[in-house]
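Below you'll find the structure, written out as structure tokens, and then a few comments.
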2 protein chains.
Amino acid sequence: MKTSPPRPLRQAPVRSSPTLEDLAVAAGVSRSTASRAINGGDRVSPEAQAAVDRAVVALGYIPNRAARSLVTRRTSSIALVIPEPDVRVMMDPFFAVVITGITEALRETDVQLVLLMSRTDDDSSRTLRYLRGGHVDGAIVVSHHKADSWARSLAETGLPTIFIGRPWDTTFDVTYVDTDNVGGGRLAAQHLAGIGRRRLATVAGPADMTAAVDRLRGWKAGLAEAGLPEGPVVHADFTTDGAAAAARRLLAEDPDIDGIFAASDLMALGVLEALHAAGRTVPGDVALMGYDNHAVAETAATPLTTITQPMVEMAVKAGTMLLEEIEAPGSHPEPVIYSTELVERASTSVAPTASAANA
Amino acid sequence: MKTSPPRPLRQAPVRSSPTLEDLAVAAGVSRSTASRAINGGDRVSPEAQAAVDRAVVALGYIPNRAARSLVTRRTSSIALVIPEPDVRVMMDPFFAVVITGITEALRETDVQLVLLMSRTDDDSSRTLRYLRGGHVDGAIVVSHHKADSWARSLAETGLPTIFIGRPWDTTFDVTYVDTDNVGGGRLAAQHLAGIGRRRLATVAGPADMTAAVDRLRGWKAGLAEAGLPEGPVVHADFTTDGAAAAARRLLAEDPDIDGIFAASDLMALGVLEALHAAGRTVPGDVALMGYDNHAVAETAATPLTTITQPMVEMAVKAGTMLLEEIEAPGSHPEPVIYSTELVERASTSVAPTASAANA
DNA sequence: CGACAGCGTGAGAGCGCTCCCACCGGATCT
DNA sequence: AGATCCGGTGGGAGCGCTCTCACGCTGTCG
């Protein structure tokens with residue numbers, strides 16, 4: 001009477017990967033024991049453990065992440081949020097370094113890095129929903145001016161979050177890592193004053209970015225400490241072209257400037273360009289400093305004296321902190337600030353400029 | 001008799017996100033109908049659909065990815081595999097562009113990008129296991145010399161995979177996108193020959209990388225077509241320093257060289273350095289070409305003539321192709337090759353070198 | 001006027017895993 | 001001696017979702 005036709009299987013008989021059940025059968029134990037053996041082997045006899053281990057190898061067993069995640073409410077993945085719409089910004093080696101650092105922190109764990117980029121403001125709410133949706137266990141946000149809303153929104157969700165770069169708004173519970181931009185700005189002022197320059201100016205970054213504001217603050221403090229006047233300040237947008245225009249304004253305002261601090265190497269490049277166009281030599285007429293120790297600082301026509309910051313360590317730290325925060329929520333750690341260092345190159349040397357060497 | 005004590009809840013009563021069940025209740029429909037309404041709304045009455053839509057907004061419902069993934073066997077995420085141990089390589093803007101392009105292709109879908117970097121050979125098998133484990137629906141591999149084993153291993157797993165850059169071994173079923181490196185090499189030869197240079201040499205990339213081999217092949221073909229001898233070939237490792245050393249060997253071998261093609265801009269920088277150190281002017285004594293149209297090509301002491309390639313488009317294409325392959329498996333598409341273009345700058349201009357302008 | 005599509009719907013099974021609970025037997029305590 | 005504990009184990013429920021299936025219900029055709 002068993003004439004019922006062979007009903008098509010719900011799932012095509014594709015040779016799918018072995019389940020925990022298969023593993024348990026192969027190892028001759030129960031599913032529970034197999035599960036315990038897989039996860040650290042607490043309360044498992046050596047024999048059972050060995051049997052499971054063998055079966056894992058034999059079957060090529062790999063736990064199903066979705067099933068596990070469904071019950072543990074852990075996804076074993078974290079998000080790197082890059083709230084920048086612009087390809088140009090992505091091109092910044094900064095991001096590569098951040099990614100490398102986080103990846104480094106994630107080694108030895110089975111946590112995966114999910115990349116979240118919001119290219120438009122529209123994406124931004126989508127990204128936020130994604131984060132809120134419990135798809136990741138935590139997030140690292142690369143903080144720029146636009147990150148303000150992120151900081152607060154994320155803090156409200158209770159999702160473990162670390163910011164790289166101090167968020168603009170820190171009036172609530174937020175943990176971050178950053179470099180000592182104030183110290184870096186001060187270093188620049190000290191150095192230029194130290195080599196005898198007296199009429200100093202700066203091309204600062206956008207006034208709505210914490211890094212830019214901090215560098216400017218340090219710069220002013222350094223000048224004051226050296227007993228020098230504050231000097232002209234122009235703002236640019238961290239781009240080479242923008243800085244070139246800013247430098248032209250600077251030169252028009254005060255033609256006797258003998259030292260300029262650009263708040264980034266890319267901007268210093270623009271300043272260099274503008275100086276050359278105006279017939280000034282570097283460092284002969286004007287000593288020039290950048291910031292970031294970007295690759296271009298070394299390859300520039302006149303290699304740039306600049307400020308270097310331990311970005312990889314910072315990124316690694318961010319990753320480690322996030323992992324800890326996920327493991328033990330509520331232990332809001334203090335912000336970590338990394339100190340900066342001066343890198344001396346030709347653009348502030350007292351010797352004549354080297355850029356005309358092959359003339 | 002119902003004196004059983006209030007057993008502690010298995011799950012702490014944390015206010016967790018609403019489930020499909022909650023949604024269904026709120027909308028006054030069954031879980032099935034709610035599910036259908038969420039997923040495209042096939043076979044759902046307008047009223048039911050509207051009710052569900054309202055409930056979604058009201059409850060802030062977000063589907064649980066893990067649960068969905070468990071039954072659909074889809075993860076809605078793809079992996080970007082970067083088989084490079086070196087931070088330096090990561091710093092290459094290339095990766096930023098690739099990431100940007102893929103992200104662009106993924107917009108409008110809810111597919112997430114998972115980053116997989118293998119920094120050691122040990123990681124490599126770990127990564128492979130991860131990919132094999134069904135944690136992602138597909139993978140994009142940035143192909144370099146080391147990717148050989150990847151290609152074959154991945155092809156064997158049947159996981160939809162697209163390579164960016166032709167893998168070394170294409171004797172099996174593999175789909176990839178690439179730029180026309182042969183054409184680019186030929187372009188370089190044509191250009192240098194076209195401006196009247198006759199004693200041409202090249203600093204090629206590593207002989208185990210397809211891009212390097214292809215560029216060299218195109219270069220040789222271009223020379224032959226221009227009726228010029230093959231000239232000296234030295235290999236370097238795509239780094240500035242390595243290229244500088246290679247260039248010194250070149251100069252020692254044949255001091256009368258009047259044109260050099262470096263297979264990357266970074267290498268061209270090294271060559272430029274070596275040339276200057278040897279007292280040669282560029283382009284006066286020696287015309288110099290790079291490849292990639294890297295940012296440094298523009299900012300170099302002598303801006304570099306170089307070859308540009310549509311990398312963003314290529315990355316977008318890779319993303320799109322992968323999405324298609326996931327959607328309709330087995331439709332192994334043909335490789336897509338993007339053509340390259342010449343970008344002329346001062347390093348091959350016939351006019352006197354501009355780098356000494358501020359002397 | 002009965003048969004039969006076909007659409008919208010709800011019940012229910014089950015994806016692979018973790019974790020609570022009950023159980024068992026041997027060691028330890030009173 | 002019995003009571004108690006505790007390491008090791010297996011049974012079973014259930015995480016939130018999709019998907020198959022069966023069930024009305026309306027409309028159309030023979």
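Computed from the coordinates by the stated procedures, all read-outs in this text should not be read as laboratory data. For clarity, every value in this text was computed on a predicted model and none was experimentally measured. Virtual Cβ from ideal backbone geometry, glycine too; neighbours counted across all protein chains shown.
Structure above, values below:
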item	result
The range A:181-308 - share of DSSP beta bridges that are antiparallel (%, nearest 5)	0
Shielding score for B:107-115, defined as the mean number of other chain Cβ atoms within 10 Å	4
Dipole magnitude of chain B, debye to nearest 20 (Cβ charges: Lys/Arg +1, Asp/Glu -1, about Cα centre)	1560
Share antiparallel - DSSP beta bridges, chain B, percent rounded to 5	10
Rg to Rh, two decimals, where chain A supplies the alpha carbon set and Rh follows Kirkwood	1.17
Globularity ratio of the range B:101-173, using Cα Rg and 2.2 N^0.38 Å	1.11
Positive-end residue, the range B:161-267 charge dipole about Cα centroid, Cβ charges, pick of B:167, B:232, B:203	B:232
Nearest-ten-degree value, helix A:93-106 long axis tilted from longest Cα axis of chain A	30
Beta bridges by DSSP in the protein assembly as shown, antiparallel share as percent, to the nearest 5	15
Cα coordinate range in the protein assembly as shown, projected on the principal axes (Å, largest first)	99, 67, 59
Nearest-20 debye value, the range B:20-63 charge dipole, Cβ charges on Lys, Arg, Asp, Glu	60
Cα centre as origin, Lys/Arg/Asp/Glu Cβ charges: the range A:181-308 dipole, Debye	280
Per-residue average of Cβ from other chains inside 10 Å of A:265-276	1
Global geometry of the range A:208-283, whether rounded, prolate or oblate, following the gyration tensor of its Cα atoms and the 1.5 cut on a/c	oblate
A:238, A:261 arranged by Cβ crowding within 10 Å, fewest neighbours leading	A:238, A:261
Loop-located GluC sites (Glu not before Pro) in the range B:132-240, at most 15 other Cβ atoms within 10 Å (DSSP)	B:230
Cα-based Rg / Dmax (Å) for the range A:188-231	10.4, 32
Size descriptor, Kirkwood hydrodynamic radius, that averages inverse alpha-carbon separations across the range A:32-185, Å	18.0
Inter-copy label distances at residue A:221 (7 Å, Cα→Cβ; nm, one decimal)	6.1
Calculated label separations, residue A:330, copies of the chain, 7 Å along the beta-carbon direction, nm	5.4
Distance in nm between pseudo-label sites at residue A:298 and residue B:59 (7 Å out along the Cβ direction from Cα)	5.7
For the range B:181-308: relative contact order, % (alpha-carbon pairs under 8 angstrom, 6 or more apart)	25
Tail beyond 13 Å, pair distance distribution of the range A:20-63 (Cα, percent)	38
Relative contact order (%) - chain A, alpha-carbon pairs under 8 angstrom, separation at least six	15
√(5λ) per eigenvalue of the Cα gyration tensor, the range B:181-308, largest first, Å	18, 16, 14
Values of log10 I(q)/I(0), in the order q = 0.16 Å⁻¹, for the range B:167-251 under a Debye, Cα-only, solvent-free model	-0.66
Sorted by Cβ density within 10 Å, fewest first, the residues B:126, A:197	B:126, A:197
Shielding of A:60-73 by partner chains, average beta-carbon count, 10 Å	5
Label distances, nm, residue A:255 versus same residue in remaining copies, Cβ-directed 7 Å point	4.8
Relative contact order of the range A:20-63, pairs being alpha-carbon contacts under 8 Å that are 6 or more residues apart, as %	40
Theoretical ellipticity at 222 nm over the protein assembly as shown - DSSP helices of four or more residues, -39500 (n - 2.57) apiece, nearest 500	-13500 deg cm²/dmol
0 to 90° range, to nearest 10: angle between helix B:121-132 axis and chain B longest Cα axis	40
Among A:337, A:59, A:149 the positive-end extreme of the charge dipole of chain A (Cβ point charges)	A:59
